[in-house]
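*Asks:* Attaching a single structure in structure tokens format; questions to follow.
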């Protein structure tokens, strides 16, 4: 763009027709930019606890680690492991990014809920709410069942190789 066009563009941005108020976003008080809003005492936190996300991610990482130990260096398995690692990295990134930091999306979610309170409380999911214990069993249980299955496969394959 030429400087004339840029100058005209910015001038048009400042000049408003009569009777049209300019848009000015509300400014926060100095020093109050990062203060969380007050949460009513009856508002129950519904975010996923970071320990659940870490436990689930550790189970998937263990499964991938075992597969690398068992199958690395056997023909085309290296290519399969690289593809599985890339898929798992995306999955783990989404699990950590969306699950671990989801509470920061809504301003009323308090980050100080203990793990025991999480287990006895509720988690908000897309279809509604479920108990924290069920969420923990579904997320961490599935990943560690896969890790146990991968370990069983590794033991079986290691014992069957000459």
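*Asks:* Could you check segment 134-162 and list, in sequence order, the residues that are surrounded by 14 or more Cβ atoms within 10 Å (Cβ to Cβ) and in contact with a helix residue (DSSP H, G or I) (Cβ under 8 Å, 6 or more places away or on another chain)?
*Replies:* 135, 136, 139, 140, 143, 144, 146, 147, 150, 151, 153, 154, listed by residue number.
*Asks:* Can I ask one more? What number of residues within segment 47-84 satisfy the criterion of being buried (at least 20 other Cβ atoms within 10 Å of the Cβ) and not in a helix (DSSP H, G or I)?
*Replies:* Residues flagged as buried (at least 20 other Cβ atoms within 10 Å of the Cβ) and not in a helix (DSSP H, G or I) within segment 47-84 amount to 3.
*Asks:* Where residues in segment 114-160 are in contact (Cβ under 8 Å) with a residue 24 or more places away in the chain and not in a helix (DSSP H, G or I), which of them is farthest from the chain's Cα centre (by Cα)?
*Replies:* Once the filter is applied, the top-ranked residue is 121.
Computed from the coordinates by the stated procedures, all read-outs in this text should not be read as laboratory data. Keep in mind that what you see is a predicted model, and the values were worked out from it rather than measured. Here the Cβ is made from the backbone with ideal geometry for all residues, glycine too, and neighbour counts use every protein chain on show.
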